[in-house]
Amino acid sequence: MLPADLRSAEAEALGAIQAALAEGEKGLWTVEFRFEGLRIMPVALRLLAALTPRHSDAKLVFSDAGAAALARRDAADQAAQISALGDVMRLQQADGGSDGLLLMVSPTPADYDEVESVCAQHRGRVVLINGKLEDAAVGIGTVARERRKGFLSSWRSAYALLPTAEGALRHVHPSGWELYRRDPDGYRAVKEFEQKPDAEQIAEALDSAGSGVQRGLQAVDRLLEGLRN
């Protein structure tokens, strides 16, 4: 079932993150909330606060120094746990690496090299919140293939709530991916996948579900026609 609101989605994400982190001392995980117009900073701050009791070494990392400064201003009680990506890189260079839980907020393709470098030198877990490291402009060339086979392929999904053209995708680790269709009276579960489905798989599942509904309606029509006769 889809969460009723953002706070419900955050609670789901928290449980999924905790399940993911329990799997080992290292790991690269993603969390995605793709609501239109969503301000991700307050969400990230609330997740940091919720995770801190179990992970006192957790840090929130913003790719932009200005965003990190804004987060420190808005959450003064969490300021010591908030850093910019550049600060983490400098600390790693000085200390030879880093430990603990890193929550990286919304890095873009422009931050790819820095994020890859930080993750390579980090000895703990990393959770990417609404990140987008793959650059469509790179296309299908050698660089893109190497990135997909290498660093990008090492990330696993802890939580995802993604709108689609006709519904939504939801993933709560360790469960599978659930596809929902948007109907006039709400969302209905259509199919579950072991891995994240691509656009073709989504379209096929929705078409099959639509055909099933159509067959059901035709059966009802035949029954009503039989009753009339």
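Condition test on Val31, is it touching a residue at least 12 places away in the same chain (Cβ under 8 Å), over 30 Å from Arg182 (Cα atoms), surrounded by 18 or more Cβ atoms within 10 Å (Cβ to Cβ) and of a type in the set (Val, Ile, Thr)?
No; evaluated as a whole, the condition is false for this residue.
Does Gly15 satisfy the condition of being small (Gly, Ala, Ser) and modelled with pLDDT under 95?
no
Which members of segment 87-136 meet the condition of being β-branched (Val, Ile, Thr) and under 19 Å from the mean Cα position of the chain (by Cα)?
Across segment 87-136, the qualifying residues are Val105, Thr108, Val115, Val126, Val127, Ile129.
Any idea which residue in segment 39-65 is surrounded by the most Cβ atoms within 10 Å (Cβ to Cβ), counting only those that are out of contact with any Leu (no Cβ under 6 Å at 6 or more places or on another chain) and of a type in the set (Ser, Thr, Tyr)?
If we take residues in segment 39-65 being out of contact with any Leu (no Cβ under 6 Å at 6 or more places or on another chain) and of a type in the set (Ser, Thr, Tyr), then Thr52 is surrounded by the most Cβ atoms within 10 Å (Cβ to Cβ).
Of the residues Tyr187, Tyr180, which is surrounded by fewer than 17 Cβ atoms within 10 Å (Cβ to Cβ), touching a Lys or Arg at 6+ places or on another chain (Cβ under 8 Å) and assigned to a strand (DSSP E or B)?
Answer to the check: Tyr187.
Is it fair to say Ala22 is hydrophobic (A, V, I, L, M, F, W, C), within 20 Å of the chain's Cα centre (by Cα) and either under 20 Å from Val115 (Cα atoms) or surrounded by 15 or more Cβ atoms within 10 Å (Cβ to Cβ) (or both)?
Spelling it out, it is not the case that Ala22 is hydrophobic (A, V, I, L, M, F, W, C), within 20 Å of the chain's Cα centre (by Cα) and either under 20 Å from Val115 (Cα atoms) or surrounded by 15 or more Cβ atoms within 10 Å (Cβ to Cβ) (or both).
Out of the residues in segment 66-101 meeting the condition of being at pLDDT below 95 and in contact with a Gly (Cβ under 8 Å, 6 or more places away or on another chain), tell me which one is surrounded by the fewest Cβ atoms within 10 Å (Cβ to Cβ).
Step by step, filter segment 66-101, then rank; the result is Asp99.
Scan segment 145-165 for residues that are at pLDDT 90 or above and part of a loop (DSSP other than H, G, I, E, B) and jot them down.
Listed by number, the list holds a single entry, Trp155.
Enumerate the pairs (first residue in segment 73-99 and more than 16 Å from Gln121 (Cβ to Cβ) and touching a residue at least 60 places away in the same chain (Cβ under 8 Å); second residue anywhere and surrounded by 13 or more Cβ atoms within 10 Å (Cβ to Cβ) and basic (Lys, Arg)) with beta-carbon separation below 7 Å, excluding pairs fewer than 6 apart on the same chain, so at least 6 apart or on different chains.
none
Between Ala79, Ala71, Ala50, Ala65, which is in contact with a helix residue (DSSP H, G or I) (Cβ under 7 Å, 6 or more places away or on another chain) and under 18 Å from Glu10 (Cα atoms)?
Answer to the check: Ala50.
The values are calculated or read from the model by the stated rules, or taken from the named source; none is laboratory data. Owing to the predicted nature of the structure, the values given are computational and were not obtained by experimental measurement. Heads up, the Cβs are rebuilt from the backbone with ideal geometry, glycines too, and the neighbour counts pull from every protein chain shown.
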